[in-house]
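The values are calculated or read from the model by the stated rules, or taken from the named source; none is laboratory data. Everything numeric in this text was worked out from a predicted model, so none of it was measured. Don't worry about glycine lacking a Cβ; one is built from the backbone with ideal geometry, like all the others, and counts go over all protein chains shown. Ligands, DNA and RNA are excluded from the accessible area calculation, which covers all protein heavy atoms including side chains. Shrake-Rupley method; radii C 1.70, N 1.55, O 1.52, S 1.80 Å.
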Amino acid sequence: TIVQSLTGLALKLEGISLDAPPPTAKRLHDLRRQMEHEIGQARRSIQELRTAELEMLSLPDALREFGERSAEDTATEFEVVVSGEPRRCPLDVEEEILRIGQEAITNAVRHSGARRLRAEVAYGRDWVQLKVADDGCGFVYEPGGSSQEHWGLRGMHERARRLGGTMTVTSRPAAGTEIDARIPIPAAA
């Protein structure tokens, strides 16, 4: 998400430079090139932070560990349920699913006031599905809305799309929230 935001800013700089007088345009162009270098550095640093957890733990266990840690000093009761036949997916797929789950869990713990929070990992023949549901306060969610207060949801949608999957959000005030991501497992997995 950080890299995507920086890339967007770099593109805006380029657009501004097109309308600027030549000396300013050159300075903006140079600034954009410097930003692109920094974006590359950030991307490499992020890649180096790949989830060591998933090298030692299964996806459900990594979610369980994260959820229990997140809910530790709260009144939220957290559980993980697994259905289907668990199996390893390619590490990059598991990592993106874990990130979706971590964002959903974090949002629920911070904002929902939930008593119960449940993550379900379901395995199908050629897909894996992650549902994170809480019984908290819920909110009004408008799919495709441009509200900047839902950056985390936007990031989760983007992760699911990058993997060729889908994600839905179901929420209503006083009725809790459910994040449901269904991701195809590549045939070689």
Response to the item:
Going through (1) within 16 Å of the chain's Cα centre (by Cα); (2) under 21 Å from Gly67 (Cβ atoms) one by one, Arg162 fails only at (2)
Item to complete: Please verify whether the stretch 93-105 includes one or more residues that are part of a loop (DSSP other than H, G, I, E, B) and open to solvent by less than 30 Å² (accessible area, probe 1.4 Å).
Response: no
Discussion item. Among the residues in the stretch 51-68, are any among the polar types (S, T, N, Q) and out of contact with any Asp or Glu (no Cβ under 9 Å at 6 or more places or on another chain)?
Written reply: no
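Residues checked against (1) touching an Asp or Glu at 6+ places or on another chain (Cβ under 7 Å); (2) farther than 22 Å from Pro60 by Cβ:
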residue: Leu98; (1), (2): no, no
residue: Tyr123; (1), (2): yes, no
residue: Gly138; (1), (2): no, yes
residue: Ile183; (1), (2): no, no
Worksheet item: crowded, with 17+ Cβ neighbours inside 10 Å and within 13 Å of the chain's Cα centre (by Cα): does that describe Ile185?
Response: no
Worksheet item: Is it true that some residue in the stretch 128-138 is at pLDDT below 90 and surrounded by 14 or more Cβ atoms within 10 Å (Cβ to Cβ)?
Response: no
Practice prompt. Could you please give the count of residues in the stretch 40-67 that are at pLDDT below 80, in a helix (DSSP H, G or I) and either open to solvent by 60 Å² or more (accessible area, probe 1.4 Å) or more than 30 Å from Gly84 (Cβ to Cβ) (or both)?
Written response: 10
Fill in: Any chance Ala175 is surrounded by 13 or more Cβ atoms within 10 Å (Cβ to Cβ) and part of a loop (DSSP other than H, G, I, E, B)
yes
Worksheet item: Can you pull out the residues in the stretch 4-30 that are open to solvent by less than 80 Å² (accessible area, probe 1.4 Å) and either closer than 30 Å to Met156 by Cα or not in a helix (DSSP H, G or I) (or both)?
Response: Ser5, Leu6, Thr7, Gly8, Ala10, Leu13, Glu14, Gly15, Ala20, Pro21
Worksheet item: Quick one: how many residues across the stretch 68-92 are outside any loop (DSSP other than H, G, I, E, B) and closer than 26 Å to Arg161 by Cβ?
Response: 7
Discussion item. Against the condition assigned to a helix (DSSP H, G or I), in contact (Cβ under 8 Å) with a residue 24 or more places away in the chain and open to solvent by 20 Å² or more (accessible area, probe 1.4 Å), how does His157 come out, does it pass?
Written reply: no
